[in-house]
1. Listed residues E276, E245; which is under 30 Å from T157 (Cα atoms) and exposed (fewer than 14 other Cβ atoms within 10 Å of the Cβ)?
2. Quick one: in segment 220-234, which of the residues that are in a loop (DSSP other than H, G, I, E, B) and either free of Cβ contacts under 8 Å to residues at least 40 places away in the same chain or in contact with a strand residue (DSSP E or B) (Cβ under 7 Å, 6 or more places away or on another chain) (or both) is surrounded by the most Cβ atoms within 10 Å (Cβ to Cβ)?
3. Which one is surrounded by the most Cβ atoms within 10 Å (Cβ to Cβ) among residues in segment 141-183 that are at pLDDT below 95 and polar (S, T, N, Q)?
4. Of the numbered conditions (1) surrounded by fewer than 20 Cβ atoms within 10 Å (Cβ to Cβ); (2) in contact with a helix residue (DSSP H, G or I) (Cβ under 6 Å, 6 or more places away or on another chain); (3) closer than 30 Å to N56 by Cβ; (4) not basic (K, R), E253 fails exactly one; give the number of that condition.
5. Quick one: R120 ticks every box in (1) in contact with a Ser or Thr (Cβ under 8 Å, 6 or more places away or on another chain); (2) surrounded by fewer than 22 Cβ atoms within 10 Å (Cβ to Cβ); (3) over 16 Å from H328 (Cα atoms) bar one, so which box is it?
6. Among the residues of segment 14-55, write down those that are assigned to a helix (DSSP H, G or I), modelled with pLDDT under 95 and surrounded by fewer than 14 Cβ atoms within 10 Å (Cβ to Cβ).
7. Among the listed residues T226, T257, T240, which satisfies the condition of being more than 21 Å from E128 (Cα to Cα) and among the hydroxyl-bearing types (S, T, Y)?
8. Any chance you could count how many residues in segment 121-172 are in contact with a strand residue (DSSP E or B) (Cβ under 9 Å, 6 or more places away or on another chain), more than 21 Å from E253 (Cα to Cα) and not hydrophobic (A, V, I, L, M, F, W, C)?
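The values are calculated or read from the model by the stated rules, or taken from the named source; none is laboratory data. Here the structure is a predicted model, which is why all the values come from computation and not from measurement. With ideal geometry, Cβ positions are generated from the backbone for all residues, glycine too; neighbour counts draw on all protein chains shown.
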Amino acid sequence: MKGYRMIVWLIAACIALCAAGARAEVVIKLGTVAPEGSIWHDVLLEIREEWRRISNGEVELRIYAGGVLGGEDEMVRKMQRRGLDALAISGSGLPLIDGIVSCLNLPMFFDSYADLDRIRGAIAPELEASFEQRGYKILSWTEAGWVHFFSKTPVRTPADLRQLRLWIGTGDPKGERLAKELGFRVVPLPTTDMLTGLQTGLIEAIDVPPLFALLDRSYQAAPYMTALPFAPLSAATVITVPAWERIPAAYREPLLTAARLSAAKLRTEVQRAEQEAIAEMAARGLTIVELDAAGVEEWRRESAAVYPRLDCKVEHPALFERALDLQHAGAPGSGGN
């Protein structure tokens, strides 16, 4: 009887091992600085569940949120060393992977989210092809919001901002170069030290999306927000090609579609939440510094003057000219959309 039970146990164990082998997980490790509970993190959780459903549990997206693996520059290095498989990363970190995305970071270039969607959608195939040549695949595009200036004193003109010490994230050499081309005095600090820098006076202004300023309460230390959408902070979810190719081929296209559908919903949510964040901060004491048409034009004129010296124009002139043509095609009175 004992021998019979042993045989039954061995057969059951073999069946379980065979089933486990058939359902072996492909684990994709993804890092992000997006905090747990944020709308960006919620969308990543949604993608994880969709990937589980589509792959019948064979593909597991393991998310490391809130910068627990370091800032974006550090996580890019980990991905390059294959310590991470994927990143949900902002437009500030994307140029560390491929500088071609600097063409999405031009100040005062896009007039609206619709304008960004139109131009980015047109040049995305070229951007994505460049990433693939470097060994990375773009799963989806989105944005973290529209960058505004938050400051300790009112900022209406570029000259006003030049009087203040402006925060710039460490590991963002292209962003630092852009700020210096505009004549701004920058102080590089990790994102985690930004609020402390404001509180101690080490920095006097920051350029972040309103949702970020609300989330970490930095608006309380920099209580003036310039009503100027300076630039959209694009973002993307990126995976290494070797990690993508570990996923069974039959699942790849459905997983890609799921990631892009979730990102499209996130774009809508970010746009809505951004306006709610501004209203909430204003109700809590934030002063909105309004600009007239002449004031906006001054920012636009000074920004456009530095385009010829920026990486997009210097390193990718054909792409820059194409983006410029698309911008002109969509300008009011041009006959574009």
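1. Only one candidate qualifies: E276.
2. A222
3. T142
4. (2)
5. (3)
6. C14, I15, A16, L17, C18, A19, A20, G21, A22
7. So the residue among T226, T257, T240 that is more than 21 Å from E128 (Cα to Cα) and among the hydroxyl-bearing types (S, T, Y) is T226.
8. Number of matching residues: 16.
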